[in-house]
Amino acid sequence: MINRMKLFISTLLIFLLSSAHAATEAPIPSLAPVLKKVMPAIVNVAVQGYLPETLVPLTQEDEKRSPRAPEKGRKFESIGSGVIIDPNNGVIITNDHVIRNATLITVTLQDGRRLK
């Protein structure tokens, strides 16, 4: 019984070591060709806008303002990324939170061109 157990463990050990060795010999495929193809479609999205009044936190300064003064939300700037899905019509997809409440959107392409 002990000899069978030793044989089983030895066989298992040899199998595991040989499969681990084979796995290290297999080359890891490079992502470079795929990235070279898709990177021109990735863009930077920079936005400027104003937060709605409900999202602007109150401060002591805010409380001292005249109630008759027109209120405008606090200015913000944000950045994100997007993907060009239709270059002929300029269609880019990005997350909603990137462009929500934006009044100015600037898209920077991989070649450095900026579009507004």
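Annotations
- Residues satisfying the stated conditions in the stretch 86-116, i.e. of a type in the set (A, V, I, L, M) and without any contact (Cβ under 8 Å) to a residue 12 or more places away in the chain: V91, I93
- Note on the stretch 52-102: among residues that are more than 23 Å from L115 (Cα to Cα) and in contact with a strand residue (DSSP E or B) (Cβ under 8 Å, 6 or more places away or on another chain), the one that is modelled with the highest pLDDT is R74.
- Residues of the stretch 20-46 satisfying the condition of being small (G, A, S) and at pLDDT 90 or above: A41, A46
The values are calculated or read from the model by the stated rules, or taken from the named source; none is laboratory data. As the structure is a computational prediction, the values presented were derived from the model and not from experiment. Note that each Cβ is placed from the backbone with ideal geometry, even for glycine, and that neighbours are counted across all protein chains shown.
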